[in-house]
């Protein structure tokens, strides 16, 4: 491994899920389990149908282009990519090629990998339409056209990644951007993200800025999860190094392979020589669209706070640790939950503690999404209030929260139902403290001889007697005062 | 023939005065359809159960018409005259036809075309050749062959057409009627089976300029289903026909229409061009200035190959949806590739298949610049030349074709090289999306010939008004085909 | 070397999923020759390569993009009414092997 440098380039396809309608079709852009329920005539390419470009899909892709620091073209064009496949009803995909320029070219994006900041260069990002999906049965296949025409963003990077870690960190950053910018749910479980990866190796002492030093590019098609990307890259690196060591690398032709999840290997598909000629030409039914500066500026002003900016706010304004802030922004839905809790009036640090310590654990344990939770940000805020006003102890609150998550009752209702309240008055607690001291007179001397932790034992006894309703901090203070009096 | 030889205005008046009913008109039109089908083979489908419509203020209400069979019509067989769609019954109607439905117009048949509009002979439709009603040994030209034949035969006052190269304007000339394609995007193409999208236009075939104006007023309009349409609500073609053309200016291109370009000209060509210049004299008498202009011959000679390259390339892509998977007579096979291949091999005529191969060749990455992009470049140069003319002139006036309808027995697409420019120059109207109208301007060998006026984009009112004035100087308005026997 | 060969024509046709008869192949070859000669004429036009290809009919067309409003799906019976083989609301095809 030390002898070689790895160059990895990515093509990341992400469906734009956050528009109402498809990109060139006015059918609903939504996920459906029932086949052929989101169809307008063009989605099945009935004769005489024409594409009509969705403004919102243009804006979303423009936003991605701006976030990736790309250059935007003067006019938007689309091109036809012609080939035959059963999932492609028109016999061509409407997409954007590099000439005329697509919605974004020559950008770059900073991302973090294992705590280090890196930069990846973007060759281009373009807007296109997704294909239909096919289901396979033993003796035939079927076609569902729901996905046909769903807007798709394809992002093409330069081969700037040197490890699977870097490639996956970049993809995670991109997914976060798509989610935070309200472009896509970017959910690979729904098939919204698909990647092609190209991998080559070169001698480590050579200059990677010179293209002639690069190795032979192997493209791996259709990797549908980030885990798959990692495994495919690592497998391919190993395979190519073995070829090198066996002096067979130079015979390897530029080729396309596919990732086979079952066998965890890449499988040869075709050589570069057999590459399909897609006969691209400009789509005549979509007139070129002048991209006004004002539109670009409008879209720029609409870019929401992305994960990194939110994280800065959490650390600098809310005083959270880098660790907690990182956890909170990892998924937009969690960060949104956190912010909604604060908006409801909760103190940020407390909200963060509750979410990172209890709620996320609950989600992980039960494989849930935060949006599935019964407990809303407002309920969480109410619970935090109950603790702040000393109505219940934080220990009680934890129990309430767990119960609420399980039973779908609001925390406030649970507290009311169980008649829970914290014994908050000093006089009430003092009574119990004195009782306990009487039962354990030896503890006074033990404390005075330096065994300070005996207090924990005493507090525990109070808790037992009050079934957890005493305020522990107050109880401890009372013990110390009382012992020192004697 | 009782009514169907009349103009739209006349029919409307009869209907309003209750001298005839919509039902009677439809019955007559269907009867005539059957007769013309027997004689000329003009229709794919005759809609025998066509329902009468209420007569309203709209001039088209209650009046029968024909639809070229490449317009999608809900619940009605729509074949594009191709075996690939010989059983296709759409569930939606083309916007232009919907607009006519809103006007209470009554469709009585679907007319034959050259398969998907590719071809100019009327011989490649899957139901057979369309014969010229003036002389059954001759072609109607195409691709709107059935529409031209039916309107000329007096089946109804108008039929829709489509025009990618000259598919409305050439058959109109061969059949002695009016053929008009308005500016690109004035009539929605939604529901028109695509041939070459950047050249395809919807339009109409009628027996008078006024009828063309009335029908187009009703077909046109911006359409949310066609991004290339534009708002033409401020254009009223019918009302703009004043006949006042004093001070207008037209030009003709000498490289195309002067006799000396054709030293070996046939008698028919000679008479056609002589007739053209006689008509020019009449045009001048209207107070229109007509001047001769010149355009680089090399550029003009590039018109036909530019057309072949662009139209074949777009067509091969446009017709990739024809696989037999979702619609069309599917073929059996063990795998989808053979299934599609069997369907396409069987379904398409030889001409189309050859054009697909050409279209595919010119789009290959190693050929694209030399063929496809160069053709697109020449397209721009030609459009620029015409637009330059439109800076000084209201329109270009030129003869259509090299004479009357060609004989069917030598209708091959390999036309005489010398007259190719005369045959193909109307394609420039499609390159630039220009409004372009053909009207009958005389007879050669007892057969009708036509003249064309083409103007600048969005200037349809002016172009039609000029055509209207010129039409009034001649006696061919509203003529019905009379079979002639030239022996 | 000949610029156009029968093999080429057959290969192109094959990629378009159409079969050609021998006569059709010959006709295509003849048509290629004619087009090629005409393209040679185009190439004599000076500075042709500097002209921007005209990709659309109306070059200076100004328009608004479609508003993002979803329209109701077409009824499944309509969608499949012309399809010869269906299964569970879907279009059935011979087994697709990747």
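The values are calculated or read from the model by the stated rules, or taken from the named source; none is laboratory data. Please read these numbers as outputs of a predicted model, since none were measured by experiment. In this analysis, Cβ positions are derived from the backbone assuming ideal geometry, glycine residues included, and neighbour counts consider all displayed protein chains.
Just to be sure before I move on: is residue B:165 more than 14 Å from chain A (Cβ to nearest Cβ) and part of a strand (DSSP E or B) in the structure I sent? Judged against the criteria, residue B:165 is not a match. Residue count for the stretch A:253-308, restricted to those that are surrounded by 13 or more Cβ atoms within 10 Å (Cβ to Cβ), assigned to a helix (DSSP H, G or I) and in contact (Cβ under 8 Å) with a residue 24 or more places away in the chain: 4. Would a scan of the stretch C:29-40 turn up a residue that is assigned to a loop (DSSP other than H, G, I, E, B) and either under 30 Å from residue A:137 (Cβ atoms) or in contact with a helix residue (DSSP H, G or I) (Cβ under 9 Å, 6 or more places away or on another chain) (or both)? No, that holds for no residue. Filtered by the rule that a residue be at the interface with chain A (Cβ under 7 Å from one of its Cβ atoms), buried (at least 17 other Cβ atoms within 10 Å of the Cβ) and assigned to a loop (DSSP other than H, G, I, E, B), the stretch C:84-98 gives a lone residue, C:96. Only one residue in B:263, B:329 is within 27 Å of residue C:94 (Cβ to Cβ) and surrounded by fewer than 21 Cβ atoms within 10 Å (Cβ to Cβ). Which one? When all the criteria are applied, what remains is B:329. Applying the selection to the stretch B:329-353, what residues are in a loop (DSSP other than H, G, I, E, B) and more than 12 Å from residue C:19 (Cα to Cα)? B:329, B:330, B:331, B:332, B:333, B:334, B:335 - these are the residues of the stretch B:329-353 that are in a loop (DSSP other than H, G, I, E, B) and more than 12 Å from residue C:19 (Cα to Cα). The residues of the stretch B:337-354 that are within 7 Å of another protein chain (Cβ to nearest Cβ), buried (at least 22 other Cβ atoms within 10 Å of the Cβ) and in contact (Cβ under 8 Å) with a residue 12 or more places away in the chain, listed by number, are B:340, B:344, B:348.
Search the stretch B:289-298 for residues being within 24 Å of residue B:277 (Cβ to Cβ) and touching a helix residue (DSSP H, G or I) at 6+ places or on another chain (Cβ under 7 Å), and hand back the single one that is nearest to the other protein chains (Cβ to nearest Cβ). Taking the candidates together, the pick is B:297. Scanning the stretch B:355-412 for residues that are touching a residue at least 40 places away in the same chain (Cβ under 8 Å), part of a helix (DSSP H, G or I), under 30 Å from residue C:6 (Cβ atoms) and away from chain C (no Cβ under 14 Å) yields a count of 1.
Consider residue A:435 carefully, then state whether it is out of contact with any strand residue (DSSP E or B) (no Cβ under 6 Å at 6 or more places or on another chain), in the same structural domain as residue A:466 (by TED's automatic domain parsing) and either surrounded by 13 or more Cβ atoms within 10 Å (Cβ to Cβ) or at pLDDT 85 or above (or both). Write out each step before concluding.
On the way: out of contact with any strand residue (DSSP E or B) (no Cβ under 6 Å at 6 or more places or on another chain): yes; in the same structural domain as residue A:466 (by TED's automatic domain parsing): yes; either surrounded by 13 or more Cβ atoms within 10 Å (Cβ to Cβ) or at pLDDT 85 or above (or both): yes.
Considered against the rule, which asks whether it is out of contact with any strand residue (DSSP E or B) (no Cβ under 6 Å at 6 or more places or on another chain), in the same structural domain as residue A:466 (by TED's automatic domain parsing) and either surrounded by 13 or more Cβ atoms within 10 Å (Cβ to Cβ) or at pLDDT 85 or above (or both), residue A:435 comes out as yes.
So that you can scan it fast, the table gives a plain yes or no per residue for (1) surrounded by fewer than 15 Cβ atoms within 10 Å (Cβ to Cβ); (2) touching a helix residue (DSSP H, G or I) at 6+ places or on another chain (Cβ under 6 Å); (3) at the interface with chain B (Cβ under 8 Å from one of its Cβ atoms); (4) closer than 30 Å to residue B:186 by Cα:
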{"position": "C:50", "(1), (2), (3), (4)": "yes, no, no, no"}
{"position": "C:53", "(1), (2), (3), (4)": "no, yes, yes, yes"}
{"position": "C:56", "(1), (2), (3), (4)": "no, no, yes, yes"}
{"position": "C:61", "(1), (2), (3), (4)": "no, no, yes, yes"}
{"position": "C:82", "(1), (2), (3), (4)": "no, no, yes, no"}
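Restricting the search to the stretch B:76-115, which residues are within 10 Å of another protein chain (Cβ to nearest Cβ), assigned to a loop (DSSP other than H, G, I, E, B) and over 19 Å from the mean Cα position of the chain (by Cα)? The answer is B:87, B:88, B:89, B:90, B:91, B:92, B:93. When restricted to residues that are under 15 Å from residue B:159 (Cα atoms) and touching a strand residue (DSSP E or B) at 6+ places or on another chain (Cβ under 7 Å), the stretch B:47-73 contains 12.
Take the conditions farther than 27 Å from residue B:209 by Cβ and surrounded by 18 or more Cβ atoms within 10 Å (Cβ to Cβ) and apply them to residue B:53. Does it pass?
Values: farther than 27 Å from residue B:209 by Cβ: no; surrounded by 18 or more Cβ atoms within 10 Å (Cβ to Cβ): yes.
No: the conditions fail for residue B:53.
Scanning the stretch A:78-104 for residues that are under 20 Å from residue C:62 (Cα atoms), surrounded by fewer than 20 Cβ atoms within 10 Å (Cβ to Cβ) and within 11 Å of chain B (Cβ to nearest Cβ) yields nothing. Is there a residue in the stretch B:116-123 that is under 18 Å from the mean Cα position of the chain (by Cα) and in a helix (DSSP H, G or I)? Yes - at least one qualifying residue is present in the stretch B:116-123. Residue-level analysis places residue A:325 among those that are assigned to a helix (DSSP H, G or I) and farther than 30 Å from residue B:226 by Cα.
Within the stretch B:317-336, the only residue that satisfies the criterion of being more than 7 Å from every other protein chain (Cβ to nearest Cβ) and out of contact with any helix residue (DSSP H, G or I) (no Cβ under 8 Å at 6 or more places or on another chain) is B:318. When residue A:452 is tested against (1) at pLDDT 85 or above; (2) surrounded by fewer than 12 Cβ atoms within 10 Å (Cβ to Cβ), exactly one condition is not met: (1). Condition first: surrounded by 24 or more Cβ atoms within 10 Å (Cβ to Cβ) and touching a strand residue (DSSP E or B) at 6+ places or on another chain (Cβ under 6 Å). Now tell me which residues in the stretch B:108-133 satisfy that. Scanning the stretch B:108-133 gives B:108, B:109, B:110, B:111, B:112, B:113, B:117, B:122, B:132. Residue-level analysis places residue A:44 among those that are surrounded by 24 or more Cβ atoms within 10 Å (Cβ to Cβ) and within 24 Å of residue B:95 (Cβ to Cβ).
Take residue C:70 and decide whether it is closer than 30 Å to residue A:139 by Cα and surrounded by 13 or more Cβ atoms within 10 Å (Cβ to Cβ). Lay out the reasoning, then the answer.
Details: closer than 30 Å to residue A:139 by Cα: no; surrounded by 13 or more Cβ atoms within 10 Å (Cβ to Cβ): yes.
When the stated conditions are applied, residue C:70 does not pass them.
With respect to residue C:20, determine if the residue is closer than 23 Å to residue A:277 by Cβ, facing chain B (nearest Cβ under 10 Å) and in a loop (DSSP other than H, G, I, E, B). Yes. The condition (being surrounded by fewer than 22 Cβ atoms within 10 Å (Cβ to Cβ) and under 29 Å from residue B:229 (Cα atoms)) is satisfied by just one residue among A:75, A:13: A:75.
Do we find a residue being modelled with pLDDT of 95 or more, within 22 Å of residue A:142 (Cβ to Cβ) and part of a loop (DSSP other than H, G, I, E, B) anywhere in the stretch A:3-15? Within the stretch A:3-15, none of the residues are modelled with pLDDT of 95 or more, within 22 Å of residue A:142 (Cβ to Cβ) and part of a loop (DSSP other than H, G, I, E, B).
Residues in the stretch C:23-46 that are at pLDDT 90 or above and facing chain B (nearest Cβ under 7 Å): C:24, C:27, C:28. Residues in the stretch A:25-41 that are within 27 Å of the chain's Cα centre (by Cα) and assigned to a loop (DSSP other than H, G, I, E, B): A:29, A:30, A:31, A:32, A:33, A:34, A:38. One residue stands out in the stretch B:200-220 among those that are within 14 Å of chain A (Cβ to nearest Cβ) and outside any loop (DSSP other than H, G, I, E, B): the one that is surrounded by the fewest Cβ atoms within 10 Å (Cβ to Cβ), namely B:201.
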